[in-house]
Every structure is written in C-alpha cells, then in structure tokens.
Amino acid sequence: MTPMDFKELYVRELDNLHKEISAYVDEKELWMVAGDVKNPPGNLCIHLLGNVNHNIGALIGKTGYVRKRDEEFTLKNISKEKLLDDITSAKAMVEKVLGNAEPDEMKKDFPTEIFGKRSTEYMLSYFIGHFMYHLGQINYHRRLI
C-alpha cells in the first residue's frame with residue numbers, strides 16, 4: 001500500500017471516531033463503563049489518538065509528540081469538545097505526514113521494533129486494525145448505553 005492509501009484509511013477512521021464521539025448526547029456517558037466494557041469511550045478515544053500521534057506523528061513524521069500511554073487510560077472527564085478537537089488535530093497531522101511520505105517509506109523498517117523488525121507498511125496495517133477494533137468498542141458502548 002502507498003502512503004496515500006494509508007492516509008485515506010486513517011482519515012476515514014478518524015472521521016468515524018469523530019462521528020462516534022459526537023453521537024454521545026450526554027457527555028458523562030463518555031466516561032461510563034457498562035457490562036463487560038472496562039474502558040470507557042473517552043479513554044479509548046484518548047488511547048487511539050495517542051497511538052496515531054505517536055506511531056504516525058512522532059515516529060514517522062518526527063512531530064515531537066511525546067506519548068504518555070498510562071494517562072490514556074487514567075485521564076477522566078475530558079470534555080467532549082476537547083476530544084473532538086484532538087481528533088481534528090490528529091487528522092490534520094495524518095494528512096500532512098502521510099501526504100508527504102514517499103512510497104518507498106512503506107518498505108523501510110518501522111522506526112521502532114514492536115514485533116521484531118517489520119516494515120512501516122506492516123505496522124501501519126496493524127495499527128489501523130487496532131484502531132478499528134477500539135472504534136468498534138466505542139460504537140458498541142454507545143449503543144449499549
């Protein structure tokens with residue numbers, strides 16, 4: 001896949017995340033857990049943004065973003081407006097970083113080893129699957145509440 005293909009996928013899923021978070025009428029529901037759901041949608045949103053900002057922004061785009069992964073699951077009661085603004089910012093970053101990436105970048109080793117040496121293309125494929133998994137959890141939670 002090309003950087004433009006990945007840009008299209010990530011932008012689409014960030015738009016879907018924006019729609020899901022926007023669909024919560026009561027902001028307090030973003031921080032509720034229900035049934036077997038252990039992570040509230042607000043934290044899943046923060047986690048997805050941390051993942052995108054770290055793996056695409058910091059590692060590929062050299063944006064200087066510093067990930068605080070523990071906070072992705074411990075921060076609470078961030079406003080819906082702030083979450084939506086952060087999604088919009090992440091989308092702009094993805095458009096810039098992947099929009100400016102050269103096609104041969106996808107075949108290079110990803111800047112950090114998570115599963116051993118893997119290509120950037122492999123890791124971006126893995127991360128989009130991870131993103132969609134958690135997005136599905138948010139969608140399920142919203143409909144469950």
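For this structure, a couple of remarks:
- Full extension of the chain between A23 and S89 gives 21.9 nm of extra length, using 0.36 nm per residue less the Cα-Cα distance.
- Kyte-Doolittle mean at least -0.5, axial Cα span of 27 Å or more - DSSP H helices of the chain: 80-100, 120-144
- Protection-proxy order for peptides 46-59, 105-118, each taking the mean of Cβ atoms within 10 Å per residue, highest first: 46-59, 105-118
- GNM flexibility winner over the chain from D86, D70, D15 (Cα, springs under 10 Å): D70
- Across K28/K68; K62/K117; K80/K108; K82/K117; K38/K68, pairs whose alpha-carbon gap is larger than 29 Å: K80/K108; K82/K117
Every read-out reported here was derived from the displayed coordinates using simple, explicitly stated rules and does not represent laboratory data. What you see is a predicted model; the values in this text were computed from it and never measured. All Cβ positions, even for glycine, are placed from backbone atoms using ideal geometry, and neighbour counts span all protein chains on display.
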